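See below for the structure under consideration.
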Amino acid sequence: MCIYLGLDVGTSTTKIAAVNDRKEVLMTRRIQASDQLTSVFGAIGGLLYELELKAEAVDGLVMTGMGSTFVKGRPFDLVTDRVLEFEALGRGGLFLGGLDRAVIASLGTGSTLIWSDEKGSRHVGGSAVGGGTLVGLSSRLFGVSDAVRISEMAEKGNLRNVDWNMVDITLEDGPMRMWPWAC
């Protein structure tokens, strides 16, 4: 049986999943740490410990998320590859939904909409600022943590002053590949 780890290294939370070659999810975890490297190594190490696995039993690690650009080399000496977050969200959404094509919504600290089909996945919209980020920043900057009041304040703002592009939140540019291995 082959075992793969999927790791989404975000700015605030790292998510990890272990799956086997029968597409069964063996375990998932969410990790919060003060930096991406602690989060990555804590997530992998914790999952291996809980599943009672040695690193050698894992056939591959796939990382995505903007935080994955801070990780160099091969954590725990695992065969490692990186995948564009949009492609991971699109393919993962199709897999989980049992669909051939769909618009996939990822809602968290940020939000994104992905169109995905047999040709691939592409970003069609979203925002780098989600609910948790919005309330936290507003509380710190303005002393306001009420979502209705924040919304009223936002209506008076200019969206062109806050939108981010991918180049604003990653250290790398260029394409990342999909899973290169098979059992």
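The values are calculated or read from the model by the stated rules, or taken from the named source; none is laboratory data. Bear in mind that the values here come from a model prediction, so they are computed numbers and not experimental data. Counting neighbours? That spans all protein chains shown, and the Cβs are built from the backbone with ideal geometry, glycine included.
Just a few scattered comments:
- Residue match in the stretch 24-42 (condition: buried (at least 17 other Cβ atoms within 10 Å of the Cβ), within 16 Å of the chain's Cα centre (by Cα) and of a type in the set (D, E, K, R)): no
- Flag for Leu7 being buried (at least 19 other Cβ atoms within 10 Å of the Cβ) and touching a helix residue (DSSP H, G or I) at 6+ places or on another chain (Cβ under 9 Å): yes
- Residue match in the stretch 108-124 (condition: hydroxyl-bearing (Ser, Thr, Tyr), touching a helix residue (DSSP H, G or I) at 6+ places or on another chain (Cβ under 6 Å) and part of a helix (DSSP H, G or I)): no
- Put simply, of Phe41, Phe86, Phe76 the only residue that is on the phi > 0 side of the Ramachandran plot and not in a loop (DSSP other than H, G, I, E, B) is Phe76.
- Boolean, Leu48 is more than 22 Å from Gly126 (Cβ to Cβ), hydrophobic (A, V, I, L, M, F, W, C) and crowded, with 16+ Cβ neighbours inside 10 Å: yes
- Selected residue (only one of Arg29, Arg22 is at pLDDT below 90 and assigned by TED's automatic domain parsing to the domain that holds Val79): Arg22
- A residue that is assigned to a loop (DSSP other than H, G, I, E, B), over 23 Å from Thr69 (Cβ atoms) and at pLDDT 65 or above cannot be found anywhere in the stretch 161-180.
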